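*Asks:* Below you will find the structure I want to go over with you.
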Amino acid sequence: MNKIRRIAVFASGFGSNLQAIIDNIKNNNINAEIGLVLSNNKDAYALKRAEKNGIKKVVLNYRDHDKRENYDKKIAKILIDQKIDLIVLAGYMLLVSGWFVKKFKNKIMNIHPSLLPSFKGTNAIEDAFNYGIKITGVTVHFVDKELDHGPIILQEAIPILKSDNIETLEEKIHKIEHKLYPLAVKYYCEGKLKIKGRKVIII
Ligand code: GRF
């Protein structure tokens with residue numbers, strides 16, 4: 001049995017992906033514990049979810065710091081103090097800096113609601129829908145210093161049907177996200193992810 005991994009989840013909003021990970025840990029599907037939930041937004045519903053589940057909350061507003069460097073260093077110190085093994089970005093609306101990515105190399109994951117490298121950025125579901133593509137999906141990837149770019153861990157495709165609108169598509173995407181992200185976290189915690197250049201090999 002692998003040792004229990006300690007996870008930090010960074011979330012700025014609703015936190016449904018955080019919830020999916022909490023549920024999977026509770027069901028013993030992931031051998032991990034969430035050491036903390038960090039948010040840059042004090043009103044994030046994700047913080048309520050942390051509270052309800054007895055998870056430590058950290059709110060750090062980027063704007064309260066004179067320099068990005070100081071903000072990142074403060075977060076890094078908390079993560080090290082809390083012995084965090086994996087950082088899970090789940091709707092975290094702030095770019096992590098190059099310094100931070102280097103410090104926690106291959107230990108930061110993100111979920112993105114499109115089939116990367118298509119439709120990067122904050123409006124991916126709508127952008128994909130409006131572009132008229134027939135297939136979109138979900139990507140879980142490691143984070144590197146470029147936006148929505150690091151090595152891809154898992155992807156799942158979703159057809160966009162004639163009957164779909166943005167709301168129905170969003171619903172389908174979130175449903176897949178809540179399955180895919182816990183699976184990627186589970187693989188990480190079981191030591192099953194090996195990174196070779198841009199490729200992630202699941203062993
Ligand atoms: C998800 O769609 C995720 O792909 C994107 O942000 C959204 C977060 O949703 N990065 P939630 O806060 O986990 O409900």
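*Asks:* For residues that are more than 13 Å from the chain's Cα centre (by Cα) and in contact (Cβ under 8 Å) with a residue 12 or more places away in the chain, tally how many sit in the range 1-13.
*Replies:* Summing the residues that are more than 13 Å from the chain's Cα centre (by Cα) and in contact (Cβ under 8 Å) with a residue 12 or more places away in the chain in the range 1-13 gives 5.
*Asks:* Is it the case that Ala76 is surrounded by fewer than 17 Cβ atoms within 10 Å (Cβ to Cβ) and outside any loop (DSSP other than H, G, I, E, B)?
*Replies:* For Ala76, the condition - surrounded by fewer than 17 Cβ atoms within 10 Å (Cβ to Cβ) and outside any loop (DSSP other than H, G, I, E, B) - is met.
*Asks:* A further question follows. Being under 18 Å from Ala184 (Cα atoms) and either among the hydroxyl-bearing types (Ser, Thr, Tyr) or more than 16 Å from the ligand (Cβ to nearest atom) (or both) is the requirement here; does Arg6 meet it?
*Replies:* Here the answer is yes, as Arg6 does meet what is asked.
*Asks:* Conditions: (1) among the acidic types (Asp, Glu); (2) open to solvent by less than 20 Å² (accessible area, probe 1.4 Å); (3) more than 29 Å from Lys192 (Cα to Cα). Asp66 meets all but one. Number of the miss?
*Replies:* The number of the failed condition is (2).
*Asks:* Hey, among Tyr187, Tyr181, which residue is at pLDDT 95 or above, within 25 Å of Ser97 (Cα to Cα) and hydroxyl-bearing (Ser, Thr, Tyr)?
*Replies:* Being at pLDDT 95 or above, within 25 Å of Ser97 (Cα to Cα) and hydroxyl-bearing (Ser, Thr, Tyr) holds for just one of Tyr187, Tyr181, which is Tyr181.
*Asks:* Given the criterion β-branched (Val, Ile, Thr) and either out of contact with any Phe, Trp or Tyr (no Cβ under 9 Å at 6 or more places or on another chain) or more than 12 Å from the ligand (Cβ to nearest atom) (or both), identify the matching residue among Ile125, Ile80, Ile111.
*Replies:* Being β-branched (Val, Ile, Thr) and either out of contact with any Phe, Trp or Tyr (no Cβ under 9 Å at 6 or more places or on another chain) or more than 12 Å from the ligand (Cβ to nearest atom) (or both) holds for just one of Ile125, Ile80, Ile111, which is Ile80.
*Asks:* For the range 129-148: of the residues being assigned to a loop (DSSP other than H, G, I, E, B) and under 14 Å from the mean Cα position of the chain (by Cα), which is nearest to Thr168 (Cα to Cα)?
*Replies:* Asp148
*Asks:* Then there is this: Tell me, which residue of the range 3-12 that is of a type outside the set (A, V, I, L, M) and open to solvent by 30 Å² or more (accessible area, probe 1.4 Å) is farthest from Ile108 (Cα to Cα)?
*Replies:* Among residues in the range 3-12 that are of a type outside the set (A, V, I, L, M) and open to solvent by 30 Å² or more (accessible area, probe 1.4 Å), the one farthest from Ile108 (Cα to Cα) is Lys3.
*Asks:* Which one is farthest from Asn110 (Cα to Cα), of the residues in the range 123-148 that are open to solvent by less than 30 Å² (accessible area, probe 1.4 Å) and not aliphatic (A, V, I, L, M)?
*Replies:* Step by step, filter the range 123-148, then rank; the result is Thr136.
*Asks:* Give the residues of the range 21-41 that are within 11 Å of the ligand (Cβ to nearest atom) and open to solvent by 10 Å² or more (accessible area, probe 1.4 Å), sorted by residue number.
*Replies:* Selection gives Asn41 alone.
*Asks:* Are there any pairs with C-beta distances below 6 angstrom linking a residue in the range 31-42 that is of a type in the set (Asp, Glu) to a residue that is modelled with pLDDT of 95 or more and part of a strand (DSSP E or B), with the two at least 6 apart or on different chains, and if so which?
*Replies:* Here the result reads Glu33/Arg6, each pair linking the range 31-42 to a residue that is modelled with pLDDT of 95 or more and part of a strand (DSSP E or B).
*Asks:* Within the range 149-203, considering only strands (runs of 3 or more DSSP E) that don't extend past its boundaries, which have at least 2 residues that are open to solvent by 50 Å² or more (accessible area, probe 1.4 Å) and over 18 Å from Ala124 (Cβ atoms)?
*Replies:* 193-196, 199-202
*Asks:* What number of residues in the range 92-127 are under 17 Å from Ile176 (Cα atoms) and β-branched (Val, Ile, Thr)?
*Replies:* Number satisfying all stated conditions: 2.
*Asks:* With respect to Glu126, is the statement that it is in a helix (DSSP H, G or I), within 23 Å of Ser16 (Cβ to Cβ) and out of contact with any Pro (no Cβ under 9 Å at 6 or more places or on another chain) true?
*Replies:* yes
*Asks:* Follow-up. On the basis of being away from the ligand (no atom under 15 Å from the Cβ) and under 25 Å from Gly150 (Cα atoms), does Arg63 make the cut?
*Replies:* So Arg63 does not fit the description; no.
The values are calculated or read from the model by the stated rules, or taken from the named source; none is laboratory data. A quick note: this is a predicted structure, and the numbers were derived from the prediction, not measured. Neighbour counts run over all protein chains shown; Cβ positions are idealised from the backbone, glycine included. Only protein heavy atoms, including side chains, enter the accessible area calculation; ligands, DNA and RNA are left aside. Shrake-Rupley method; radii C 1.70, N 1.55, O 1.52, S 1.80 Å.
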